[in-house]
Amino acid sequence: MAGLLDETVAVIGGLDEDAIRAARLRQDSLTKPRGSLGRLEDVSVRLAGIAGQCPPPLPLPAVVAVFAADHGVHAQGVSPWPQEVTAQMVANFLAGGAAVNAIAAQAGADVRVVDIGVATPLPAAAGLLSRKVRAGTADMTTGPAMSAQEALRAIETGIEIARGLVANGHRCLITGDMGIANTTASAALIAVFTGADPAAVTGRGTGIDDPTLALKVDVIRRALALHSPDPADPLEVLARVGGLEHAALVGLMLGGAAERVPVLLDGVIACSAALAAMAFAPSVTGFLFAGHLSTEPGARRALDALGLEPLIDLGLRLGEGSGAVLALPVVATAARVLRDMATFDSAGVSGEKA
Ligand SMILES: O=C(O)c1ccc[n+]([C@@H]2O[C@H](COP(=O)([O-])O)[C@@H](O)[C@H]2O)c1
Ligand SMILES: Cc1cc2nc[nH]c2cc1C
């Protein structure tokens, strides 16, 4: 019997071309000059293609799934923050005190927090989804970050979470992540999947100085030299140089696409995971929206490879899902415009002169 990953990949279809055509026609019949709502119109058309309906349902209720995990490569000194901050921030998410909680409250999104691989022991806490695959990855400069089996378990956990959220009525999934040192794994993934030089896709993460940035690039170069990951084998790439939250996010994206709901991507961690998701199932990109453009250089490179344009560009580099949740009102508005606006006919507004 095929496993959950294969099953899910097999279910992901293309966008519904009839619904896309109907949505384009409807956009052009609404009381505004054609194309005047810019990329909001494109978002609405793609939402119709995802749902197979015109107008598409509003992508609500929405939920951000914040996957938390730690990274063995932290031992190389790639982040200025202690590893315990990952666990401490999980407690902060659950208490409602993090940026993502405030942004989600304003945008009207639910927040779910998943321990997919935090190294520091976490006390059982109300609301925490405990799905730890292992207590952090191993250091990718000395061996694989994890086994292929562990990467698969994390992906399948992400799929199960996507399925559960949609079964509970959520109509939009938003990616969130928390993991000290995870911008190193993200840059490594982006270098592998795009073929970019590590120096071109490695950034300052939480805020490192020039010598640490040089060290981080060197760490990634050494890991890639050790593993020579094959971009055609995304499970092995994730296992060798990825993270548990990256793998779980791949599952969330594939699971969301299989359920035909939109998935909003946050920053560089989600973008790097999306490249792996695309390697498993090329048509997944039709279901993904880039919530925002992270300042990490790898984000732009990854989005170009995914063929996605970010909806918002406010210079954010936080993670947690913050930038993607901020884009939820834009995506929801796109659907509402297509559903609620009057047409030239219904409103009795004269059309453009021929
Ligand atoms: O989302 C982004 O683009 C982003 C950019 C920089 C940092 N982060 C967050 O910061 C943490 C990783 O930063 P670092 O420097 O420890 O690799 C992790 O918790 C991420 O959620 C996230
Ligand atoms: C405080 C803090 C909050 C974060 N949220 C996401 N990544 C983070 C990293 C740090 C260091």
Do any trypsin sites (Lys or Arg not before Pro) in the range 259-354 lie in a DSSP loop with no more than 13 other beta carbon atoms within 10 Å, and if so, which? LYS353
Translational diffusion coefficient, Stokes-Einstein: compute it for the range 39-78 using the Kirkwood radius over C-alpha pairs as Rh, at 4 °C and 1.567 mPa s, and state it as an integer in µm² s⁻¹. 96 µm²/s
Ratio of alpha-carbon Rg to the 2.2 N^0.38 Å globular estimate for the range 62-332, to two decimals, please. 0.88
Starting from the range 34-112, pick out the trypsin sites (Lys or Arg not before Pro) whose DSSP state is loop and whose Cβ has at most 12 other Cβ atoms within 10 Å. ARG34
LYS353-LEU314 pseudo-label distance in nm [points 7 Å out on the Cα-to-Cβ vector]: 4.3 nm
Suppose we keep just the alpha-carbon trace of the range 43-185; what are its Rg and Dmax in angstrom? 16.8, 52
Got a sec? How would THR285, THR202, THR8 order by Cβ neighbour count within 10 Å, fewest to most? THR285, THR8, THR202
Here the equivalent ellipsoid of the range 128-276, derived from its Cα gyration tensor, has semi-axes (largest first, whole Å) of 27, 16, 14
Starting from a Cα-only point model with no solvent, please compute log10 I(q)/I(0) by Debye for the range 77-141 at q = 0.13, 0.19 1/Å. -0.42, -0.80
For the chain, what does the helix formula give at 222 nm: sum of -39500 (n - 2.57) over DSSP H segments with n ≥ 4, over the residue count, nearest 500 deg cm²/dmol? -16000 deg cm²/dmol
Inter-probe distance in nm under a simple model that places probes 7 Å from Cα toward Cβ, at ALA138 and SER283: 3.8 nm
Counting other beta carbons within 10 Å of each residue's own, what order do CYS54, CYS271, CYS172 fall into, fewest first? CYS54, CYS172, CYS271
DSSP beta bridges in the chain: the antiparallel percent, rounded to 5, is 5 percent
Counting other beta carbons within 10 Å of each Cβ, put PHE193, PHE344 in order, fewest first. PHE344, PHE193
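Every number in this text was worked out from the coordinates using simple rules, so none of it is lab data. Quick caveat: nothing in here was measured; it's all calculated off a predicted structure. Here the Cβ is made from the backbone with ideal geometry for all residues, glycine too, and neighbour counts use every protein chain on show.
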